[in-house]
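Here's the structure we're looking at; comments come further down.
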Amino acid sequence: MSETGGGAPRRGRGKRLPARSGLSAPAFVAVALSVAAPAGAAGAPLYRCPPLEQSARDSAAPGGLSQGLDGWFFRGPRAGPRSDLAQAMRPGPEALALLGRLGALLAARGVRFVVVPLPPRGLVAAAALDGGVDDQAVFDAAVAGAGYGSLIAGLRSAGLAVAGLEPRDVAGLPDPGFYFRRAEGVTVDGGWLIATRVARLLSPGLLTGGAPPPEGTPHAAGGAMAQVLERLCTDPLPAETAAPRKALPPAPGAAPLAIAGAESDAGGAIDFAGLMTSATGHPARIEAGPDPVSALLGYLESPRFQQTPPAVLVWVVPAAWFADLGIVDLWRLTAAAAGDCAGTARQAGHAALLPGGAGLALPSPAQGRYAAVLHLPAGDADGRITLLTQNGKAPQGLSALPLVASRQAGVPNPLYIAPDDLAPLTGAATARMVSFVWPEGRPAQPVAVTLCRLPDTSQAAP
């Protein structure tokens, strides 16, 4: 896409970053990932955005936003996990273990979980970074490339299916490339690249051609970044658009596929679901939210997932989010993913029991027969633990129930609490499970719990 502006291009302030070489495999090298500058741009900032320029020097711009070269804009480190200039992406060992557990719990429910880590925009467009802007000048594409490769390796070591993006594939896309320059989200060609990588994971050896032909009126790429630039730039910014593509029909009898991600990453101006359907043959739908974690959690906790889980769940996540994942959020995700009560009862609630958390409300015996399944961390499936509950009539009073852990087929490391054991805890309608005490003096750990309502005729534990 050619870049033109209403004002004369300004030249001379920008300074290209030196190309870095000598990276070993996996070669997530900035030079290989860089998009080519359009003819005539000469590597200069194109647009007058006075407030942005003044604040970019002291990193006070909204979200650390600053202008690069050749029509690119980047969010700096102050944008947190939304930063385009992230260099550290790999989560810690505990977060990786919980992500692997999430994949295992989904697999136990017959769901193929595929993770798509999106490389930082600064890595993809390293040739457009402006060495005269502090945030962009300190960005080291070699470090970011190594960080992206380490993230993919870590996710795969946790047992997850990862649709990583190779540098040669991203660099080979036609202009405008993988990302829009002035808006969040991927282009149609970027979305098609993701869809084909997912398709090859689901069907190894699958050869997919180019994206389907355009069809219909192009949509403007928008989002928060585009709105800020429209307000702060005095030069008119040419619209970036994406032409809809003709969606190919799903394969006959193909199982459904769900795509979870932030609204800007899992759709935006492109028909991501249509591209995914065309590439994989699975009828795809978008489950979007304000950010990738909220989108996935909202979907896993929804009746759509709990009642009819998809065959494939694709999670689209900007790579920087992985280094910022909260353990509490990961426990909530695993609690939601495990909410099937072994397939023999109806799920009636789920939560992550955390120190100081709200816990999980327990129904009164008059409301039916209930059991609970605790999804314990690896290695804690054997031995005695104590469940603490709190009665709403005595807010400070805790009662304890010793439990012996046991295994349940098909669900990793569960502890089943039978109705007869659960009933004494439910004398008050406001009783709640709130915490656990582990044996041998070990500190309390968070536990995902699922409350199961049993059929009235059931006499056996699920």
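See the values below:
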quantity	calculated
Alpha carbon centroid spacing (whole Å) that separates segment 298-315 from segment 223-256	25
Three-way shape call for segment 140-222 based on the alpha-carbon gyration tensor, with the a/c threshold at 1.5	oblate
Kirkwood-Stokes translational diffusion coefficient of segment 212-282, alpha-carbon pairs, 4 °C, 1.567 mPa s, µm²/s	92
Taking N as its residue count, the alpha carbon Rg of segment 127-177 over 2.2 N^0.38 Å	1.44
Mean-position separation - Cα centroids, segment 139-184 and segment 96-118, in angstrom	20
Of A260, T280, P290, farthest towards positive along the dipole that unit charges on Lys, Arg, Asp, Glu beta carbons give segment 258-313	T280
Placed amide H near G68: partners under 5 Å, 5+ positions off or other chain	F73, F74
Qualifying GluC sites (Glu not before Pro) for segment 259-304 [loop in DSSP, other Cβ within 10 Å: at most 15]	none
Net +/- balance of residues flanking V170 in space, Cβ distance below 12 Å, scoring K and R +1, D and E -1	0
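Every number here is computed from the coordinates shown, using simple stated rules; none is lab data. Source: prediction; values computed, not measured. Glycine also receives a Cβ, built like all others from the backbone with ideal geometry; neighbour counts cover every protein chain displayed.
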